[in-house]
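Structure first, then comments.
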């Protein structure tokens, strides 16, 4: 299957002859769409406890519904990057926004677990198609051509959106009428603005023909790409644990069933991450992942300790420490990939990066979910921490020896 460019449109090959360079509206549009898509994919998180009651399924099913997102995102990202480099950011982002809207409608109309699986599957396709495209669009449209600033904004939109989504839906679910409907009506309103924003994205990219293939990483980039991907996988594996398990973990510690509490417990990790990214950028500090990975290690130890002692303050400290670590690691990893990716295949390289990153979202959550079903939640979280913390230390040592500064 092959797509051809419109022969009536001029080809563009170089970075400096792209008419959208310096277009502030395009830059803001890409950031907003990336933010809204990330908010939407994390809005269901605190509501799963309510779905359990409404539809009568087990916590293991919650894990599988959560993981369905990564299960469709990963194969979508396999081809979306090269497609974006061929047909342009707008033609990929606009359908992705439409799919996110369909997913929100399915969530709002859900009357059984099959609806939840279908909605999460569509969310995965949407973000799998758009994440690499929108991150590349931010780099290409940054007004001054500052790739580091574009990477910083992309990571902030993803982490900040991931943190705001569950807090917003937790508040609506606990204090607003029709909690399993209104949340997604709010999301649809945000997506309507995103659809309008998509019209401001650049229409064309660099290459004229697309053929289905796996993402290709140039041989000279494979070592830095692999290390950046390993850093990102570990950071997002810990994020996935917080999003999927910590709401129930917090309820088990505090013995309170409160959707706002559950949403805040899940979202505060990524809010701390976004805050750390902003603070680091404002201070002009060089971002190296080794320190972030060590903070993740400490955060995991605190999380296990919070379960053992039923300590809310230790849970908050785990979110603060782990969130700061994730903010540093993801900012550094994304900046490194953007630094080494060639302009003509930037979306393809970024999509491969996100594809590998979301393996860290899906696989650990499934493992923890099955272990929690066989034992209990606190044991499963403790086991995850015991396995992941040494991996963070090993990759931190590797990164300390081989990483180039990326601000």
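Observations
- Counting only residues that are touching a helix residue (DSSP H, G or I) at 6+ places or on another chain (Cβ under 6 Å), closer than 19 Å to residue 343 by Cβ and modelled with pLDDT under 80, the range 208-222 holds 2 of them.
- Test for residue 183: is it within 26 Å of residue 264 (Cα to Cα), within 19 Å of the chain's Cα centre (by Cα) and modelled with pLDDT of 90 or more: no
- Members of the range 363-378 found to be closer than 13 Å to residue 62 by Cα and surrounded by fewer than 18 Cβ atoms within 10 Å (Cβ to Cβ), listed by number: 367, 370, 373
Here is a yes/no grid of residues against (1) touching a strand residue (DSSP E or B) at 6+ places or on another chain (Cβ under 9 Å); (2) under 30 Å from residue 376 (Cβ atoms); (3) modelled with pLDDT of 80 or more:
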residue: 15; (1), (2), (3): no, no, no
residue: 19; (1), (2), (3): no, no, no
residue: 22; (1), (2), (3): no, no, no
residue: 29; (1), (2), (3): no, no, yes
residue: 47; (1), (2), (3): no, yes, yes
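- Of the residues making up the range 306-358, those that are over 24 Å from residue 80 (Cβ atoms) and outside any helix (DSSP H, G or I) are 310, 311.
- Residues of the range 262-290 that turn out to be touching a helix residue (DSSP H, G or I) at 6+ places or on another chain (Cβ under 6 Å) and assigned to a helix (DSSP H, G or I), as a count: 18
- Single condition residue 144 does not satisfy, out of (1) over 21 Å from residue 326 (Cα atoms); (2) in contact with a helix residue (DSSP H, G or I) (Cβ under 6 Å, 6 or more places away or on another chain): (2)
- Pairs where the first residue, in the range 276-291, is surrounded by fewer than 18 Cβ atoms within 10 Å (Cβ to Cβ) and the second is modelled with pLDDT under 80 and not in a loop (DSSP other than H, G, I, E, B), C-beta under 9 Å, 6+ apart: 286/406
- All of 81, 124 fail the test of being within 14 Å of the chain's Cα centre (by Cα) and crowded, with 24+ Cβ neighbours inside 10 Å, apart from 124.
- Listed conditions (1) touching a residue at least 12 places away in the same chain (Cβ under 8 Å); (2) surrounded by fewer than 24 Cβ atoms within 10 Å (Cβ to Cβ); (3) within 22 Å of the chain's Cα centre (by Cα) are all met by residue 324, apart from (2).
- When restricted to residues that are at pLDDT below 80 and in a helix (DSSP H, G or I), the range 379-407 contains 2.
The values are calculated or read from the model by the stated rules, or taken from the named source; none is laboratory data. Keep in mind the model is a prediction, meaning the values are calculated, not measured. All Cβ positions, even for glycine, are placed from backbone atoms using ideal geometry, and neighbour counts span all protein chains on display.
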